[in-house]
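Following this message is one structure expressed as structure tokens.
The values are calculated or read from the model by the stated rules, or taken from the named source; none is laboratory data. No experiment lies behind these values; they were computed from the predicted model shown. We place every Cβ from the backbone using ideal geometry, glycine too, and count neighbours over all the protein chains shown.
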Amino acid sequence: MSSAAAPPPATEPPARPAVRVRTLVIAALTTLAVVGLVFLLYAVLDIVLVFLIAIVVAEGIRPLVRRLEGWRFPKSVAILAVYALILGVLAVLVILLVQPLVTQAQQLADNFPHYQKDAEKFVTDIEHRLHISSDLSNQIGNALNTAKEVILAVGTTTATVLVRFVIVLVLAFLWLTTSDRLKAFIIDLVPVRRQELAEDVIRDMGTRVGGYMRGVVINMVVIGVLSGSAVALLRLPSPVLLGIFAGITEAIPIFGPFIGAAPAVGLGFTVSPLYPLLVALVFLVIQQVESNTLVPLVMNRVVALPPLTVVLALLVGGTLEGVAGALLAVPVAAALQVLVLRVLLPMVHAMQGRSEQAEAELTVQPRAPTPPPWWRRRFASRRT
């Protein structure tokens, strides 16, 4: 007789380690500290925004400062030389543009009631011909009044802008002179085997923020010149004012081109009923040229943010601090993207047990040498 084999003894599942009271206390204190820091930053949000703008400006001019340092300029002298160059360019622009800007702004303010009546009359005629009744004419009048206030408010806020501009320049100067020591201090807090990663992450964040600032300036200048020239060719009033407004609004990603084109399209009603369509078409062509040339060459290659991330960043920044928050949303999001992808994501992979993948992501890859500018390559090919 064969007896049935006895079943193996049941093994109890390993007991889960109990959470210690000390761990709970540390977690609670950490949460409270984070919440308190968030409330503190929100309370001094204006100061934080000015400081962030100064960092963006400093990182944007850092390549010029380093170039002058390579020519054996002391760092402070190099920064002041870049400042002198920037202020000199701004002074020339002010000298060239202030007189036509003031004249055209005054003409626009004097003739605006006439422009508004023409637009309302055009809408009323359409309503009579189509036998419809709506409040569209009043809405257009309110929209034109809002556009007038926005455009003319540029001059009324000059004093505030100048004060903040000086503060930003001072903070940017201090950041450029002290950021290397701050960077060394932060890297020294990191374990030795990860110090190369920390240095590369900080460098990558600075590159993206500074590249974004330089790209925005290039876009603003190009779009301002193109828009002002287009408005002049279309024989609309105040081409200098409208060009400057379009260039300034270009600093707002995605929505900026539409905001910048709105006043010119509205003033198209002063020419003929269908003229706004032509104005909108011209601005659409300018936007398409920008989207297919300037944005891929200048912005996408440096920032590399998905469109959804840009929109969410703009919404969050605009909700927190209006236009200033929207302007800073993209560079802050670009810096946070570097931190998440290069630090936090590998940490999550390591916690999941994917050690090899995490180690590969944390390893600093050698950077490819930056190719020289196209004009240097052309000059070198001619010499050879």
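Quick one: is VAL217 more than 25 Å from ALA333 (Cα to Cα), surrounded by fewer than 22 Cβ atoms within 10 Å (Cβ to Cβ) and touching a residue at least 12 places away in the same chain (Cβ under 8 Å)?
So VAL217 does not fit the description; no.
Ok, one more. Can you name the condition, by its number, that GLU120 falls short on among (1) within 30 Å of LEU274 (Cα to Cα); (2) modelled with pLDDT of 90 or more?
(2)
What single numbered condition from (1) in a helix (DSSP H, G or I); (2) under 26 Å from LYS117 (Cβ atoms) fails to hold for LEU197?
(2)
Now a separate question. Tell me, which residue of the range 285-304 that is aliphatic (A, V, I, L, M) and at pLDDT below 80 is farthest from VAL222 (Cα to Cα)?
So, considering only residues that are aliphatic (A, V, I, L, M) and at pLDDT below 80, the one farthest from VAL222 (Cα to Cα) is ALA304.
Which one is modelled with the lowest pLDDT among residues in the range 328-384 that are over 30 Å from VAL57 (Cβ atoms) and aliphatic (A, V, I, L, M)?
ALA380
Looking at ALA54, ALA33, ALA28, can you tell me which residue is closer than 25 Å to ILE202 by Cα and either modelled with pLDDT under 90 or outside any helix (DSSP H, G or I) (or both)?
Result: ALA33 is the single residue among ALA54, ALA33, ALA28 that is closer than 25 Å to ILE202 by Cα and either modelled with pLDDT under 90 or outside any helix (DSSP H, G or I) (or both).
Let me ask something else. Yes or no: the range 225-232 includes at least one residue that is surrounded by fewer than 16 Cβ atoms within 10 Å (Cβ to Cβ), touching a Phe, Trp or Tyr at 6+ places or on another chain (Cβ under 7 Å) and farther than 23 Å from LEU327 by Cβ.
No, the range 225-232 contains no residue that is surrounded by fewer than 16 Cβ atoms within 10 Å (Cβ to Cβ), touching a Phe, Trp or Tyr at 6+ places or on another chain (Cβ under 7 Å) and farther than 23 Å from LEU327 by Cβ.
Checking PHE245 against (1) at pLDDT 85 or above; (2) touching a Leu at 6+ places or on another chain (Cβ under 9 Å); (3) crowded, with 17+ Cβ neighbours inside 10 Å, which test does it fail?
Of (1) at pLDDT 85 or above; (2) touching a Leu at 6+ places or on another chain (Cβ under 9 Å); (3) crowded, with 17+ Cβ neighbours inside 10 Å, only one is false for PHE245: (2).
Which one of LEU64, LEU49 is in contact (Cβ under 8 Å) with a residue 24 or more places away in the chain, within 28 Å of GLY243 (Cβ to Cβ) and surrounded by 14 or more Cβ atoms within 10 Å (Cβ to Cβ)?
LEU49
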